[in-house]
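Participant: Following this message is one structure expressed as structure tokens.
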Amino acid sequence: MASYASDGRATPPPPPATKLLVVVTAANELQATSARIELAKRSLPAHTKTIAVADPAGRRIGSGGGTLNALKAAHDLLGDAWLDNRLILIIHSGGDSQRAPSQSVCGKAWSLLPTVPPKAPVDLLIEQLLKLCAGAHGVVVACGDVLLKLPDEPGSLANQGVTGLAVPAPKDYGTRHGVYVSREGRCSQYLQKASPAELERAGAVVDDKVALDSGVVFFDVATSRKLVALADAAIRHRVELYGDLIQALDGGGVASEDAFLALKSDAPLSLRRILYEQLRDVPLHVLTPRDSAFAHVGTSQELLDVLCRPSLFREGLGLHALSQSVGASSEDDGVRGVLLNSLVACGASSLIAGSFVEHSRLASLDVVGANCVVSCVRGLPPGFRIPPDTLLQQTQLSDGRFVCVMMGVKDDVKGMDTLRGEPFSQVLERLQSDDVWPSDTTKTLWTARLWPIRETPEDATRAALLTDDWLGEKLSLADILQQADRGAELAWRDALRDHISHTVTATAPLRIDLAGGWSDTPPICHEAGGAVCNVAVTLDGKRPVGCRCSPLARKELILRIEDTQTCVVTSLEDLGDRSDPRAPCALLKCALVVAGVVDVDGPPLQEQLQHGLELTSWSRVPTGSGLGTSSILAACAVAVLREGSRQQLVEDALKVEAELTTKGGWQDQIGGVYPGFKLAVSQKSDKLILNVKELSSASDLHFVLIYTGTARLARDILDRVLERWRAKEGSVVEDVASLVAGAKRSAAAVVTGDAVVVGEELDKYWTLKKRMAAGAQPPRVAAMLAALKRAGVHGAALCGAGGGGFLVVVTKEADDRAGVLEALGVWKAGASLHRCDVDREGLVVARGASSS
């Protein structure tokens with residue numbers, strides 16, 4: 001039914017939606033098959049068709065030949081109406097990625113980037129091209145491994161003829177790339193890797209910038225029809241997009257047919273004459289949007305530069321330091337490490353600046369040096385460390401065996417200058433050239449057979465170091481590309497992503513006790529009641545305590561503590577030593593029992609488990625710190641095993657410690673589980689009845705932590721205190737009452753932001769701690785406290801039970817580590833100062849991957 005305007009005239013129907021065809025070119029049919037699989041995974045706009053086209057008969061036909069072949073395939077697919085109301089995106093997926101070998105197996109265009117969620121360069125490119133070509137009909141050609149960032153309103157490509165997309169860039173870039181010379185959008189010359197003098201002479205430099213070719217070219221409908229008519233003849237030869245097609249245009253910079261034919265080309269003169277005759281009247285335009293940028297990731301070092309170095313370009317693409325990964329924090333120190341689809345067994349570690357880890361499972365990030373590319377690592381040999389400036393990649397081959405490449409990030413793969421920074425001539429002195437290269441092979445690092453095949457990835461990695469070992473079968477990078485099991489590689493990445501998605505991680509801050517400690521300890525808290533004021537804090541900006549749980553297919557329990565202990569539990573008998581605090585992984589074993597994962601009095605473990613679990617914990621503070629780590633760790637362990645409120649987590653952590661037969665109070669768990677400042681009170685009762693009040697605090701309460709260099713033995717101090725309480729020795733009863741009263745006064749001062757009173761109460765608290773337990777103050781600590789007092793700090797005391805560990809200082813200024821260090825004078829030797837910030841989250845449970 002027609003619709004009508006108010007004047008009675010028929011309103012024309014809206015134009016139909018533009019249909020989209022995405023054509024991906026490939027060097028051979030194997031790459032084309034992989035591209036079809038990748039295209040099928042994409043979520044593209046409605047009315048979109050996709051095809052992948054290989055170079056004919058596997059011959060390399062150049063970027064121009066690939067473009068013409070893609071146009072022919074589009075015409076064959078859609079018929080004579082192939083361009084009616086349609087936009088065609090031709091994406092050249094690239095060759096073997098020789099100079100960035102870690103991207104070879106899947107191809108640079110399809111290798112994921114650390115966006116959230118992860119996307120490949122081809123995904124980001126399509127997003128940008130659709131924005132650029134909104135409403136346009138015709139053909140757009142682009143390189144799939146180009147990273148392109150356009151402004152929200154980049155301008156229009158809807159010009160007659162051909163339009164190249166340029167990006168403003170510093171003039172020195174022009175010597176390494178193509179450059180458009182234009183005036184008011186009309187191109188007069190196209191230059192390829194011109195010298196600085198040639199750029200200046202051609203007028204390409206304006207305000208010290210050039211219009212850099214982005215690799216994106218738009219052909220209008222009329223020009224596209226001309227090109228498809230030339231396709232059959234052209235694709236029999238090698239034709240380049242720029243040298244043979246763009247420079248033939250009106251604006252390509254060639255003054256005559258003779259000048260065009262004189263240009264260097266692999267295409268025959270007869271074909272080039274036809275190209276020039278058909279294209280010389282087609283105008284070449286240039287679109288150069290402001291605030292646009294692009295990067296072509298050609299080498300491993302360029303990959304690191306794009307991913308790791310902060311820039312507006314990196315920010316505009318939405319690249320993150322952590323993407324679909326668990327087990328690491330990232331340092332925002334100007335040059336960041338990047339983690340993509342990776343799992344680090346021992347969390348809370350930071351990837352060293354400038355390195356990129358993808359699709360890998362590592363015990364710790366401490367094994368990765370600076371400026372490294374680490375890809376698809378399943379496991380490393382014990383004690384193995386990846387040196388700085390190293391590219392390391394493990395690959396599964398089609399026969400199920402593994403190979404590991406371990407080369408320098410800056411090694412020239414297309415040459416043979418260095419291997420891991422060592423002159424290649426020296427490497428060859430230890431090898432026979434015939435063993436490295438077959439006699440008919442061009443001698444480059446790409447073709448050098450250096451990488452041993454082994455049964456396991458760990459053995460392959462160990463063998464990769466032994467380049468002088470001539471025994472055994474070895475592959476070159478070119479061989480690996482041909483023999484890699486791409487399906488197995490993708491399956492590894494998918495399995496790792498699935499494993500990460502089912503991972504549960506709990507992290508928590510530390511606690512600083514400000515007043516009331518010892519009154520929370522049974523039986524004191526039951527007989528006299530207790531009250532503690534404490535605060536959750538980060539240490540140097542980090543939450544250093546945590547636990548992670550991941551599912552396993554096998555019905556077993558793998559328990560890990562940092563990278564120091566590992567226990568495999570396959571039967572209930574393996575949990576029999578859980579009540580011995582000195583037994584391996586004892587705390588984690590107790591957490592399994594308290595959380596109800598295992599019933600030690602139930603049927604055999606294999607009958608109880610539906611699947612296995614891997615439980616890993618970490619605490620990145622020294623033993624005997626006085627910051628409540630073991631109790632907070634118990635809460636984290638239970639938190640990843642079952643859901644519960646903060647109150648339930650505190651109670652469960654107490655049960656873990658009871659199962660572990662360690663003695664202690666309730667304030668540590670509360671300090672780390674609940675955020676910020678809080679006052680916790682327990683009633684005088686046989687049962688533990690806790691009331692936790694979170695305190696709002698003013699912002700002018702500042703702390704610095706000092707590690708004294710001495711670990712304390714809390715259990716010994718605790719035993720002495722409990723002996724005094726049982727005997728009601730001396731003033732212990734009055735001291736406990738004073739501790740409870742002091743906690744309430746300290747809480748009131750926190751609420752009003754009175755740092756002076758908070759410091760005074762901390763000093764009183766320290767006096768009471770010393771009375772509660774003889775030996776709580778070592779002579780060195782006494783000297784440090786005296787020096788701080790003379791400097792005029794608000795207050796200071798050892799954390800926890802005393803005897804060593806960390807000392808907290810209430811300072812007048814925020815993060816006044818410099819002032820505290822000066823105040824310590826000669827007593828700073830052997831001590832370390834740490835930033836200390838109030839944590840406003842408490843214990844946090846996260847499911848799946850994290851990003852930042």
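Participant: Take the residues in region 536-567 that are within 26 Å of Glu643 (Cβ to Cβ) and assigned to a loop (DSSP other than H, G, I, E, B), then tell me which one is modelled with the lowest pLDDT.
Facilitator: Within region 536-567, the first condition is being within 26 Å of Glu643 (Cβ to Cβ), and the residues that meet it are 536-538, 542-562, 567.
Remaining after also requiring assigned to a loop (DSSP other than H, G, I, E, B): 543-544, 553-556, 562.
Working: Arg543: 92, Pro544: 92, Ala553: 85, Arg554: 90, Lys555: 93, Glu556: 94, Glu562: 76.
The selected residue is Glu562.
Participant: Continuing with the same structure: Can you find, within region 358-385, the residue that is farthest from Leu322 (Cα to Cα) among those that are of a type in the set (A, V, I, L, M) and modelled with pLDDT under 95?
Facilitator: By that ranking, first place goes to Leu380.
Participant: Any chance you could count how many residues in region 119-133 are in contact (Cβ under 8 Å) with a residue 24 or more places away in the chain and crowded, with 19+ Cβ neighbours inside 10 Å? Reasoning before the result, please.
Facilitator: Quick first cut of region 119-133, residues in contact (Cβ under 8 Å) with a residue 24 or more places away in the chain only: 120-126, 129-130, 132-133.
Among the residues that remain, those that are also crowded, with 19+ Cβ neighbours inside 10 Å are: 120-126, 129, 132-133.
Counting residues in region 119-133 that are in contact (Cβ under 8 Å) with a residue 24 or more places away in the chain and crowded, with 19+ Cβ neighbours inside 10 Å gives 10.
Participant: Still on this structure, please answer the following. Are there any helices (runs of 4 or more DSSP H) wholly within region 704-773 with 3 or more residues that are charged (D, E, K, R) and within 29 Å of Ser832 (Cβ to Cβ), and if so which? Let's see the steps before the verdict.
Facilitator: On the way: elements: 714-727, 732-752, 755-772.
Passing ranges, in order: 714-727, 755-772.
Participant: Just to confirm my filter: which strands (runs of 3 or more DSSP E) fall fully inside region 134-213 and include at least 3 residues that are free of Cβ contacts under 8 Å to residues at least 60 places away in the same chain, among the basic types (Lys, Arg) and within 23 Å of Leu279 (Cα to Cα)? Break it down into steps so the answer makes sense when it comes.
Facilitator: Working: elements: 138-143, 146-149, 162-170, 178-183, 186-192.
Filter on region 134-213 gives an empty set.
Participant: Right, next: Would you confirm, using the coordinates I've provided, whether Gly753 is surrounded by fewer than 16 Cβ atoms within 10 Å (Cβ to Cβ), in the same structural domain as Asn534 (by TED's automatic domain parsing), free of Cβ contacts under 8 Å to residues at least 40 places away in the same chain and over 22 Å from Ile717 (Cβ atoms)? Quick ask: steps written out before the conclusion?
Facilitator: Values: surrounded by fewer than 16 Cβ atoms within 10 Å (Cβ to Cβ): yes; in the same structural domain as Asn534 (by TED's automatic domain parsing): yes; free of Cβ contacts under 8 Å to residues at least 40 places away in the same chain: no; over 22 Å from Ile717 (Cβ atoms): yes.
So Gly753 does not fit the description; no.
Participant: A follow-up question, please. Run Gly819 past the list (1) at pLDDT below 95; (2) part of a helix (DSSP H, G or I); (3) within 27 Å of Ala635 (Cβ to Cβ) and report the number of the one that doesn't hold.
Facilitator: Going through the list (1) at pLDDT below 95; (2) part of a helix (DSSP H, G or I); (3) within 27 Å of Ala635 (Cβ to Cβ), Gly819 breaks only (3).
Participant: Where residues in region 94-118 are under 22 Å from Phe313 (Cβ atoms) and of a type in the set (S, T, N, Q), which of them is surrounded by the fewest Cβ atoms within 10 Å (Cβ to Cβ)?
Facilitator: Among those that are under 22 Å from Phe313 (Cβ atoms) and of a type in the set (S, T, N, Q), it is Thr115.
Participant: Still on this model: Just one of (1) surrounded by fewer than 17 Cβ atoms within 10 Å (Cβ to Cβ); (2) within 27 Å of Glu489 (Cβ to Cβ) trips up Gly408, so point out which.
Facilitator: In the conditions (1) surrounded by fewer than 17 Cβ atoms within 10 Å (Cβ to Cβ); (2) within 27 Å of Glu489 (Cβ to Cβ), Gly408 misses (1) alone.
Participant: Run Thr67 past the list (1) hydroxyl-bearing (Ser, Thr, Tyr); (2) assigned by TED's automatic domain parsing to the domain that holds Pro117; (3) at pLDDT below 90 and report the number of the one that doesn't hold.
Facilitator: Condition not satisfied by Thr67: (3).
Participant: Which of the following residues is touching a helix residue (DSSP H, G or I) at 6+ places or on another chain (Cβ under 7 Å) and not assigned by TED's automatic domain parsing to the domain that holds Val692: Arg511, Arg486?
Facilitator: Values: Arg511 fails: not assigned by TED's automatic domain parsing to the domain that holds Val692.
Unique residue meeting the criteria: Arg486.
Participant: Assess whether Gly624 counts as being at pLDDT below 95 and over 26 Å from Thr710 (Cβ atoms). Reasoning before the result, please.
Facilitator: Numbers: at pLDDT below 95: yes; over 26 Å from Thr710 (Cβ atoms): no.
No.
Participant: Something else now. Do we find a residue being surrounded by fewer than 18 Cβ atoms within 10 Å (Cβ to Cβ) and over 22 Å from Trp518 (Cβ atoms) anywhere in region 792-806?
Facilitator: The answer is yes; a qualifying residue exists.
Conditions (1) in a strand (DSSP E or B); (2) among the aliphatic types (A, V, I, L, M); (3) over 16 Å from Ala478 (Cα atoms); (4) free of Cβ contacts under 8 Å to residues at least 40 places away in the same chain, marked per residue:
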| site | (1), (2), (3), (4) |
| --- | --- |
| Pro381 | no, no, yes, no |
| Pro388 | no, no, yes, yes |
| Val403 | yes, yes, no, no |
| Lys414 | no, no, no, no |
| Gln426 | no, no, yes, yes |
| Asp435 | no, no, no, yes |
| Ser439 | no, no, no, yes |
| Thr442 | no, no, no, yes |
| Thr447 | no, no, no, yes |
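Participant: Does region 222-238 contain any residue that is farther than 30 Å from Asp80 by Cβ, assigned by TED's automatic domain parsing to the domain that holds Ser156 and out of contact with any Leu (no Cβ under 9 Å at 6 or more places or on another chain)?
Facilitator: Residues of region 222-238 farther than 30 Å from Asp80 by Cβ: none.
No: region 222-238 contains no residue that is farther than 30 Å from Asp80 by Cβ, assigned by TED's automatic domain parsing to the domain that holds Ser156 and out of contact with any Leu (no Cβ under 9 Å at 6 or more places or on another chain).
Participant: Going through region 88-130 one residue at a time, which ones are at pLDDT 90 or above and among the basic types (Lys, Arg)?
Facilitator: Lys119
Participant: Would you check if there is a residue in region 101-116 being among the aliphatic types (A, V, I, L, M), in the same structural domain as Ser265 (by TED's automatic domain parsing) and over 23 Å from Leu477 (Cβ atoms)? Break it down into steps so the answer makes sense when it comes.
Facilitator: Initial filter on region 101-116 (among the aliphatic types (A, V, I, L, M)): 105, 109, 112-113, 116.
Now drop any that are not in the same structural domain as Ser265 (by TED's automatic domain parsing), which leaves 105, 109, 112-113, 116.
After this cut, where a residue has to be over 23 Å from Leu477 (Cβ atoms) as well, the list is 116.
Within region 101-116, one or more residues are among the aliphatic types (A, V, I, L, M), in the same structural domain as Ser265 (by TED's automatic domain parsing) and over 23 Å from Leu477 (Cβ atoms).
Participant: Taking region 822-849, which residues are part of a strand (DSSP E or B) and surrounded by fewer than 23 Cβ atoms within 10 Å (Cβ to Cβ)? Break it down into steps so the answer makes sense when it comes.
Facilitator: First, pick out the residues of region 822-849 that are part of a strand (DSSP E or B): 832-838, 844-847.
Within region 822-849, Ser832, Leu833, His834, Arg835, Asp837, Val838, Val844, Val845, Ala846, Arg847 qualify.
Participant: Which ones in region 151-177 are under 34 Å from the mean Cα position of the chain (by Cα) and of a type in the set (Ser, Thr, Tyr)?
Facilitator: Scanning region 151-177 gives Tyr173, Thr175.
Participant: Would you call Ile500 touching a strand residue (DSSP E or B) at 6+ places or on another chain (Cβ under 7 Å) and either surrounded by 22 or more Cβ atoms within 10 Å (Cβ to Cβ) or part of a helix (DSSP H, G or I) (or both)?
Facilitator: Working: touching a strand residue (DSSP E or B) at 6+ places or on another chain (Cβ under 7 Å): yes; either surrounded by 22 or more Cβ atoms within 10 Å (Cβ to Cβ) or part of a helix (DSSP H, G or I) (or both): yes.
For Ile500, the condition - touching a strand residue (DSSP E or B) at 6+ places or on another chain (Cβ under 7 Å) and either surrounded by 22 or more Cβ atoms within 10 Å (Cβ to Cβ) or part of a helix (DSSP H, G or I) (or both) - is met.
Participant: For a quick check of your reading: which strands (runs of 3 or more DSSP E) sit entirely within region 10-117 and have at least 2 residues that are without any contact (Cβ under 8 Å) to a residue 60 or more places away in the chain and of a type in the set (Val, Ile, Thr)? Before the answer, list the steps.
Facilitator: Numbers: elements: 19-26, 48-54, 86-92.
By residue number, 48-54.
Participant: Say we look at region 784-816 and pick out the residues that are among the small types (Gly, Ala, Ser) and in a helix (DSSP H, G or I); which of these is nearest to Arg720 (Cα to Cα)?
Facilitator: Kept after step one, since they are among the small types (Gly, Ala, Ser), are these residues of region 784-816: 786-787, 791-792, 795-797, 800-805, 814.
Checking the rest, the ones that are also in a helix (DSSP H, G or I) come to 786-787.
Numbers: Ala786: 26, Ala787: 29 Å.
This residue is Ala786.
Participant: Would you confirm, using the coordinates I've provided, whether Ala528 is touching a strand residue (DSSP E or B) at 6+ places or on another chain (Cβ under 8 Å), among the hydrophobic types (A, V, I, L, M, F, W, C) and in contact (Cβ under 8 Å) with a residue 24 or more places away in the chain? Before the answer, list the steps.
Facilitator: Numbers: touching a strand residue (DSSP E or B) at 6+ places or on another chain (Cβ under 8 Å): no; among the hydrophobic types (A, V, I, L, M, F, W, C): yes; in contact (Cβ under 8 Å) with a residue 24 or more places away in the chain: yes.
No: the conditions fail for Ala528.
Participant: Now for a different question. Can you pull out the residues in region 357-379 that are outside any loop (DSSP other than H, G, I, E, B) and either among the hydrophobic types (A, V, I, L, M, F, W, C) or more than 17 Å from the chain's Cα centre (by Cα) (or both)? Step through it out loud before you land on a result.
Facilitator: Within region 357-379, the subset outside any loop (DSSP other than H, G, I, E, B) is 357-358, 361-362, 365-368, 373-375.
Val357, Leu362, Leu365, Val367, Val368, Val373, Val374 - these are the residues of region 357-379 that are outside any loop (DSSP other than H, G, I, E, B) and either among the hydrophobic types (A, V, I, L, M, F, W, C) or more than 17 Å from the chain's Cα centre (by Cα) (or both).
Participant: For region 240-297: of the residues being touching a residue at least 40 places away in the same chain (Cβ under 8 Å) and among the charged types (D, E, K, R), which is nearest to Ala211 (Cα to Cα)?
Facilitator: So, considering only residues that are touching a residue at least 40 places away in the same chain (Cβ under 8 Å) and among the charged types (D, E, K, R), the one nearest to Ala211 (Cα to Cα) is Arg290.
Participant: A further question follows. Within region 568-687, considering only helices (runs of 4 or more DSSP H) that don't extend past its boundaries, which have at least 3 residues that are aliphatic (A, V, I, L, M), under 21 Å from Leu557 (Cα atoms) and in contact (Cβ under 8 Å) with a residue 12 or more places away in the chain? Please lay out each step first, then the result.
Facilitator: Numbers: elements: 586-594, 605-608, 629-639, 646-659, 667-673.
Ranges flagged: 586-594, 629-639.
Participant: What number goes with the only condition from (1) closer than 30 Å to Gly383 by Cα; (2) within 30 Å of the chain's Cα centre (by Cα); (3) at pLDDT 95 or above; (4) of a type in the set (Gly, Ala, Ser) that Ala586 does not pass?
Facilitator: Evaluating Ala586 over (1) closer than 30 Å to Gly383 by Cα; (2) within 30 Å of the chain's Cα centre (by Cα); (3) at pLDDT 95 or above; (4) of a type in the set (Gly, Ala, Ser) leaves (2) as the failure.
The values are calculated or read from the model by the stated rules, or taken from the named source; none is laboratory data. Just so we're clear, the structure is a prediction, and the values are computed from it rather than from any experiment. As a convention, Cβ positions derive from the backbone with ideal geometry for all residues, glycine included, and neighbour counts pool all protein chains shown.
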